[in-house]
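All remarks here apply to the structure that follows.
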Amino acid sequence: MPDSLPDPALMSTDETADQRVLILDFGSQFTQLIARRLRESGVYCEIWPFNADPARIRAFNARAYILSGGPASVHEGASPRAPQMVFEQGVPVLGICYGQMVMCAQLGGETQGSDHREFGRAFVDVTGDCALLDGVWHPGAREQVWMSHGDRVTRLPDGFRVVGASEGAPFAVFADDARRFYGLMFHPEVAHTPHGAQLLRNFTHKVAGLSGSWTMAGFRATEISRVRQLVGQGRVICGLSGGVDSSVAAVLIHEAIGDQLTCIFVDHGLLREGEAEQVVSTFRDRFNIRLVQRDAAELFLGGLEGVTDPELKRKTIGRLFIEVFEEEAAKVGGADYLAQGTLYPDVIESVSFTGGPSVTIKSHHNVGGLPERMRMRLVEPLRELFKDEVRALGRELGIPDSIVGRHPFPGPGLAIRIPGAVTHEKLDLLRKADAIYLEEIRAAGLYDAIWQAFAVLLPVRTVGVMGDGRTYDNACALRAVTSTDGMTADVYPFDMAFLTRVANRIVNEVRGINRVTYDVTSKPPGTIEWE
């Protein structure tokens, strides 16, 4: 197994040891949403690849298993299967979409490819009752769901009965209450299945008997204790960017080990307006954390000179960051551990069995480990958390909302929002336009309703007329999206009065920009844009 997979022995906290669900991932784009729904109901869970070592799976001591969806067909020769021991441990199992097909195939049922595929919104007729549906769906009802399948079940394994059918899936919901095995052909984890979250809650709370007692306050106490035990009398350095993840990691570790932690803030000159000053005042003055500040703006700009490829920008910034960080760490003295704000989605993507785009997307993370020359071990206190959970932990730690509630910001900073070469002039233009945009969003009371908003300096110049003269200046685009998890995003529907006000301010106040556009592209699963 990949080294990035969590070690069950390290996760055996009092709070989660007997209250865990393990999700086995078959490659669905929605797998992270399953975990999100479970954690929202107070249930601790993790996502592991379907082909994880069975001994590790057994050591995790899950109280229930969920088999995710996936792109494969059970009829393919090398299609993935769940470890058979999952069905032999006497704990509940829920199969979703491909996971339902796998359950059926491995327990003696039959499946087949179908010409009647179902993708998108569909309706399930509830034909029976079972513990999974208790109090949520009732016999005789017709329920909206979100389907994504081509194959279907044609014969159930012994002990199962059908309790729900759709036009394209005669066994859309099946149940074996005696063994507490259940299968759903649809995706309960997505918002397009209106009562899906309640079905998952039924599985964890009623079928598996979990208490739903996992809280952020409990996680804080447990993780502080774990960091103290891990570090002992050692010294930790943390690369502090001022973003949500590194900020929460730094404050949590400082609460655990105090002055054994030193934070290094590398100001690469690619931050938003006022962020460098805010980082220093917050962590040095408010939290009294040992903080080393390095102004390396000219170094980074020199390294980026003439670089236009966005991936090369990332790699250049990452290389320079490590070099500067190592220089400052050497001045501080020896350290035993390096702290990182790695999040759970980073971990999941780094061990994805499907490969996917994670290598490109995560090229600015060190999820896979450190350069050998650094001779330090990692401390990653947020490794088990999603982004919204990190924000909740930050508030639990008393970090101001100006940092905890900040929109996500890419590691390469403004450089990735300047297509083409990065220069002092372009950074200055973008920084001013971005600040006006965010100022107006806050003034309108919209900041917290938006997942991410930012300006992009487009690689074009346009002719315009301002006053009595012509201009030949830059154009910028504004972007704002809503999201709950960062996997999918919808454009935020600003009214025209707002957009007109922002555009007028940018054109009037930022000399060098004479045109502003609004990007209305939504983000379907598995795509990236601008960053």
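The values are calculated or read from the model by the stated rules, or taken from the named source; none is laboratory data. Model, not experiment: these values are computed from the prediction. All Cβ positions, even for glycine, are placed from backbone atoms using ideal geometry, and neighbour counts span all protein chains on display. Quick note on the areas: whole protein, heavy atoms, side chains included, nothing else; ligands and nucleic acids left out. Shrake-Rupley method; radii C 1.70, N 1.55, O 1.52, S 1.80 Å.
Before moving on, here are some points about what is shown:
- Computed accessible area, Y472, all protein chains, 1.4 angstrom probe, square angstrom: 130
- Model label points for E323 and E88, set 7 angstrom from Cα along the Cα-to-Cβ axis, are 5.6 nm apart.
- The spacing between segment 293-320 and segment 223-249, judged by their C-alpha centroids, is 26 Å.
- The calculated FRET efficiency for S483 paired with A78, based on their beta-carbon distance and R0 = 45 Å, is about 0.85.
- All Cα pairs of segment 92-205, percent lying beyond 17 Å: 47
- Whole-percent carbon and sulfur share, accessible surface of the chain, 1.4 Å: 49
- Residues T316, T500, sorted by accessible area with the largest first, give T500, T316 [1.4 Å probe; ligands and nucleic acids excluded].
- Here the extension length gained between R461 and A141 equals 109.3 nm, from 0.36 nm per residue of separation less the Cα-Cα distance.
- Inter-part distance where segment 387-447 and segment 192-222 are each reduced to a Cα centre, Å: 32
- For segment 103-229, the solvent-accessible area of protein heavy atoms averages 42 Å² per residue (probe radius 1.4 Å; ligands and nucleic acids excluded).
- The residue among V43, A72, T193 whose Cα reaches farthest toward the positive pole of the charge dipole of the chain, with charges on the beta-carbon of Lys, Arg, Asp and Glu, is V43.
- In the chain, the DSSP-assigned H stretches of four residues or longer account for a calculated mean residue ellipticity at 222 nm of -9000 deg cm²/dmol, using -39500 (n - 2.57) per stretch and the full residue count as denominator.
- Stretch gain in nm, segment A330-D295, where the contour uses 0.36 nm per residue and the Cα spacing is subtracted: 11.0 nm
- In degrees, nearest ten, helix 387-396 long axis to first principal axis of the chain (Cα): 70
- Förster radius 60 Å - calculated FRET efficiency between N504 and R155 (Cβ-Cβ, nearest 0.05): 0.35
- Summarising the strand pairing of the chain, around 50 percent of its internal DSSP beta bridges are antiparallel.
- Compared with the dominant Cα axis of the chain, that is its longest principal axis, helix 496-509 is turned about 30°.
- If you sort D309, D285 by accessible surface, 1.4 Å probe, largest first, the order is D285, D309.
- Of L94, L438, I416, farthest towards positive along the dipole that unit charges on Lys, Arg, Asp, Glu beta carbons give the chain: L438
- Nonlocal amide H pairs with A339, under 5 Å, H built at 1.01 Å: I237, C238, G239, V379
- Taking all protein chains into account, the per residue accessible area for segment 372-511 stands at 45 Å² (1.4 Å probe).
- Treating r as the C-beta distance of S41 and A221 and R0 as 22 Å, the FRET efficiency rounds to 0.60.
- Three-way shape call for segment 282-345 based on the alpha-carbon gyration tensor, with the a/c threshold at 1.5: prolate
- Remark: relative contact order (the chain) = 11 percent; criterion is Cα-Cα distance under 8 angstrom and separation of 6 or more residues.
- Degrees separating the helix 244-257 axis from the principal Cα axis of the chain, which is the longest one: 80
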